[in-house]
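Reading through the structure tokens given below for one structure.
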Amino acid sequence: MHRILQRFWPALLDGQGHPNVRRAAAGDLAELTASRISELFDEETALLAARVSRRYPALWQGVRSRWIEALVRGVYRDLRRLLEEEARIGAVEKTLSAEFASVNGGSFSLRGRLDRLDILPDGSLRVVDYKTAGSVNSVKKMIDLKEALRAERLQIPLYGELAVRCGDLPGVSGGGDLSAASEGQGLLRRRGRVIGQVLPIGPGFDADLLGRWDELVLEWPPGDGSDSLAESFRHTLQVLVDMAARGSFPLNDYGPCQICEYAPACRKSHPPSVERVRTAPSYRPYFLLKEKTKSKPFPPATGMGG
Ligand code: SF4
């Protein structure tokens, strides 16, 4: 589905990144969206369709209709919003990377591949992440800062952090004024803010959630502008990277257990093993992250303040 959206938007934009349909009537926009999305869906799913519809033609027709309906509904709404905001699309499927200070005084580099980067008229950046599957709860957790501080859901805050810090945004329309990497947060001050947004547009999401897109955002840096929450998030990243570098991977119920190949041998359901891991000195920095909250982003035991 990401391929469909990746192809849909660039074909619609003018040289500045504005949707090139500003004078189209609402009915024409809806028709254009529906026909283009249907076309792209059929192209991108041709192999799958051939395989499934050979044996289950009615099933495939049902799946196809559900997905196209959901995508058209979501993309049309997204397009209308972009036009109303007079926002432009700066990049589609772009990788951002930035250097971070590590716990041992060195540095590490992190990369994130954004689904889409919008530029709002006031200069703010909006990092968009499409969700085509998952529960409402999982979507809400993606923008829950506490989840990020505790190293449970990192994606949206990481995108926000990268967009703030990264001056090199290849392919961004008119992107010369975005080159501020060496100035740290200078980019943010000029741009105003970065907004991380989750856009749920799969058929599994109910219409109610689609009507509440504006709630599915996380501003970066978060909080009162004091930078303490962003600093705490960077500390979380440091702890994770440091542990990965040391080869320390604690048992973790929040991990990708459902798709883990080691699940049959895993000791996560063995309380003594779990307790040993939880109290092992090498894992302590990780489990201390679980004490972070938005009101206490630097619990005393982390050694980051009090
Ligand atoms: S099953 Fe065990 S090893 Fe696999 S992700 Fe979950 S906790 Fe980690």
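Read-outs throughout are calculated quantities, based only on the coordinates presented, and are distinct from any laboratory measurement. Note that this is a predicted model, so its numbers are computed, not measured. Cβ coordinates were reconstructed from backbone atoms using ideal geometry, including for glycine residues, and neighbour counts include every protein chain displayed.
At-a-glance table
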{"quantity": "Per-residue Cβ neighbour rank within 10 angstrom, fewest leading, Y76, Y130, Y159", "calculated": "Y76, Y130, Y159"}
{"quantity": "Gyration tensor (alpha-carbon) shape descriptor, the stretch 58-97, a/c threshold 1.5", "calculated": "oblate"}
{"quantity": "Whichever aspartates and glutamates have a C-alpha closer than 19 Å to that of K296, once near sequence neighbours (fewer than 8 apart) are set aside", "calculated": "D144, E147, E152, E219, D224, D227, E231"}
{"quantity": "Local electrostatic count, S35, Cβ distance below 12 Å [Lys/Arg +1, Asp/Glu -1]", "calculated": "-3"}
{"quantity": "Ascending count of other beta-carbon atoms within 10 Å, so fewest first, for L229, L59, L216", "calculated": "L59, L216, L229"}
{"quantity": "Principal axis dimensions, largest first and in whole angstrom, of the chain by Cα", "calculated": "61, 52, 31"}
{"quantity": "Surrounding net charge for G112, when Lys and Arg each add one and Asp and Glu each subtract one, Cβ distance under 10 Å", "calculated": "+1"}
{"quantity": "Fewest-first sequence of S35, S232 by Cβ atoms within 10 Å of each Cβ", "calculated": "S35, S232"}
{"quantity": "Span-rule helices in the chain, defined as complete DSSP H runs reaching 24 Å or more along the axis (Cα) with Kyte mean at least -1.0", "calculated": "26-44, 57-85, 228-246"}
{"quantity": "Tensor-based shape of the stretch 31-125 (alpha-carbon gyration tensor, a/c under 1.5 rounded, otherwise prolate or oblate)", "calculated": "oblate"}
{"quantity": "DSSP beta bridges in the chain [antiparallel fraction, %, rounded to 5]", "calculated": "75"}
{"quantity": "Dipole moment magnitude, nearest 20 debye, the chain about Cα centre, only Lys, Arg, Asp, Glu C-beta charged", "calculated": "860"}
{"quantity": "Cut-off 15 Å between beta-carbons: net charge of the residues surrounding Y130, Lys and Arg +1, Asp and Glu -1", "calculated": "+4"}
{"quantity": "Highest-MSF residue in the chain out of P256, P19, P222 [GNM, Cα springs under 10 Å]", "calculated": "P256"}
{"quantity": "Spread of Cα-to-Cα distances over 10 Å intervals beginning at zero, given as percent, for the stretch 2-85", "calculated": "16, 46, 25, 11, 2"}
{"quantity": "Calculated [θ] (222 nm, deg cm²/dmol) that DSSP helices of n ≥ 4 give over the chain, each run adding -39,500 (n - 2.57)", "calculated": "-13000 deg cm²/dmol"}
{"quantity": "Virtual paramagnetic centre 7 Å along Cα→Cβ of D253, amide N under 12 Å, in the stretch 263-290", "calculated": "268-271, 274-275"}
{"quantity": "For the stretch 88-158, the Rg and Dmax computed from alpha carbons only, in angstrom", "calculated": "14.3, 41"}
{"quantity": "Long pairs among K131/K294; K140/K290; K140/K268, criterion Cα-Cα beyond 21 Å", "calculated": "K131/K294; K140/K268"}
